[in-house]
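What follows is a single structure, written as structure tokens, with notes after it.
The values are calculated or read from the model by the stated rules, or taken from the named source; none is laboratory data. Model, not experiment: these values are computed from the prediction. Here the Cβ positions follow ideal geometry from the backbone for every residue, glycine too, while neighbour counts run over all protein chains shown.
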Amino acid sequence: MTAPQIPNLFKVPELKEKILFTLLCLLVYRTGAHIATPGVNVQALADFLRNAGQGTLFSLYDLFAGGGFSRATVFALGIMPYISASIVFQLAGPVFPVIEKMQRDEEGRKKLTQWTRYLTVLLCLFQSYGFAIFTEQLPGAVAHAGWGFRFTTVLTLTTGGIFIMWLGEQITERGIGNGMSLLIFFSIIERIWPETLRTIEALRAGSLTLPVLLVVLVVMLCVVAGTVAVTVAARRIPIQIPRKVMGRGRIREGQKTFIPLRINSSGVMPIIFAQSLIIVPGTVATFSGVAWLKRFAEYFSVTSPWYVLSSAVLIVFFAYFYTSIIFNPVDLAENLKKQGGFIPGVKPGAATADYIEDVLTRITLPGALFLTVVAMLPIVVSNVLNMPFGFGGTALLIVVGVALDTVQQVQQHLLLRHYDGFMKEGRVKFRGRQRYM
């Protein structure tokens with residue numbers, strides 16, 4: 001985006017209102033992420049998560065909450081209850097035909113959205129109560145433990161979680177970009193400034209040398225460039241739409257289009273699933289106090305080679321698993337057949353479905369391997385260079401993906417109003433839903 005093109009953002013009244021509304025909602029969100037929950041000693045909770053809490057589910061949760069969990073804010077639950085509820089119904093589609101049918105129908109999708117909200121409330125109640133019990137067990141974290149503190153915490157955090165869900169939906173409807181994704185995006189990039197200060201302090205203290213820092217910056221730049229390239233990369237499957245007689249002798253010309261199968265169809269979900277599973281032993285060991293569990297959990301610490309190996313295997317597995325859940329070649333082949341479209345050289349119907357599935361299986365492997373490299377490279381660099389690395393593969397993929405989606409939406413608004421987009425050469429392509437028309 002060049003300087004002359006920036007004013008174009010505010011030349012379109014509709015786009016200007018959307019951007020200002022989005023910024024206002026994000027300001028409210030980040031303000032609430034710094035208001036502490038009543039009755040909690042924030043310093044005691046932060047000290048625990050900084051020391052014993054590293055490598056547990058709580059550290060992963062705190063990433064998506066933008067540090068709100070470690071600060072015990074009113075938005076400590078973040079957007080994760082809504083994300084979890086959405087994933088539940090998304091994964092339930094292939095298992096339950098009723099839900100799968102509802103996902104294809106407009107009214108059904110509205111009902112599923114309502115069910116997702118109800119499940120979000122239940123998850124907020126459950127997680128907020130768990131947060132209250134968790135903080136009561138920490139030494140010095142709660143001054144007056146008991147049912148009064150638990151009720152106040154459940155009421156505060158549940159209200160905050162529901163408000164965040166509503167805020168995200170408002171951004172999606174009235175703002176620019178996907179509201180839920182933008183909330184996570186700004187929660188992650190807020191850590192840039194603290195991590196920068198930590199790096200400067202490490203340079204001053206001598207624990208970090210300038211050559212090492214330059215190596216890390218070059219690695220980060222290469223990873224970001226690779227992430228952008230793989231995120232927008234897609235395999236084009238050509239589609240031919242035959243000519244049709246429209247009536248009165250008119251003939252509609254045949255069309256040539258394509259199906260863009262993304263190299264990384266599963267996004268960041270394989271890394272999230274893998275990390276959530278692999279840090280379970282550490283979480284259980286931290287709170288159980290059992291000696292053999294703690295010894296077992298050491299094999300899955302971030303500095304262990306077993307952690308890197310098992311994480312890589314799990315990421316590849318979940319990449320294939322999640323892709324098979326969200327993408328159905330049979331449905332796509334049936335839709336093509338109904339509209340008269342076909343892949344040149346491939347018979348319609350089952351043969352088309354098999355062809356698409358074969359292509360998807362082959363392109364998922366490089367996407368899965370790239371996810372593995374992105375997730376493991378910061379850990380390997382941190383272990384080899386003995387330098388704390390504040391941004392893992394999960395955060396990086398989310399930031400890049402959300403940024404590209406938002407840029408594409410803004411660019412579409414500008415191009416529709418005949419203004420120059422963000423990029424005069426090259427477009428952000430193949431983002432969003434898979435489409436063939």
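Of note:
- Considering (1) of a type in the set (A, V, I, L, M); (2) within 20 Å of Q240 (Cβ to Cβ); (3) in contact (Cβ under 8 Å) with a residue 60 or more places away in the chain, the lone condition that A351 does not fulfil carries the number (3).
- Which listed residue is free of Cβ contacts under 8 Å to residues at least 24 places away in the same chain and either within 27 Å of the chain's Cα centre (by Cα) or at positive phi (or both), from T196, T209: T196
- Any helices (runs of 4 or more DSSP H) falling wholly within the stretch 1-96 and containing at least 2 residues that are modelled with pLDDT under 75: 42-51, 57-64
- Test: residue in the stretch 97-113 that is surrounded by 15 or more Cβ atoms within 10 Å (Cβ to Cβ), more than 23 Å from S266 (Cβ to Cβ) and either of a type in the set (G, A, S) or out of contact with any strand residue (DSSP E or B) (no Cβ under 7 Å at 6 or more places or on another chain) (or both): yes
- Some residue of the stretch 141-154 being surrounded by fewer than 13 Cβ atoms within 10 Å (Cβ to Cβ), in contact (Cβ under 8 Å) with a residue 40 or more places away in the chain and of a type outside the set (A, V, I, L, M, F, W, C): yes
- Residues (surrounded by fewer than 16 Cβ atoms within 10 Å (Cβ to Cβ) and either free of Cβ contacts under 8 Å to residues at least 12 places away in the same chain or of a type outside the set (V, I, T) (or both)) located in the stretch 324-333: D331
- In the stretch 219-244, the residues that are over 19 Å from A375 (Cβ atoms) reach residues that are polar (S, T, N, Q) and surrounded by fewer than 16 Cβ atoms within 10 Å (Cβ to Cβ) with C-beta atoms within less than 7 angstrom, at least six apart or across chains, in these pairs: I239/T257; I241/Q255; I241/T257.
- Among the candidates E190, E169, residue that is without any contact (Cβ under 8 Å) to a residue 12 or more places away in the chain, acidic (D, E) and closer than 25 Å to A395 by Cβ: E169
- Residues satisfying the stated conditions in the stretch 334-345, i.e. in a loop (DSSP other than H, G, I, E, B) and touching a residue at least 24 places away in the same chain (Cβ under 8 Å): Q339, G340, G341, I343, P344
- Being touching a Lys or Arg at 6+ places or on another chain (Cβ under 7 Å) and at pLDDT 80 or above holds for only one residue in P344, P348, P329, and it is P348.
- Considering the stretch 171-195, the residues that are over 24 Å from V373 (Cα atoms) and of a type in the set (S, T, N, Q) include one that is surrounded by the most Cβ atoms within 10 Å (Cβ to Cβ), namely N178.
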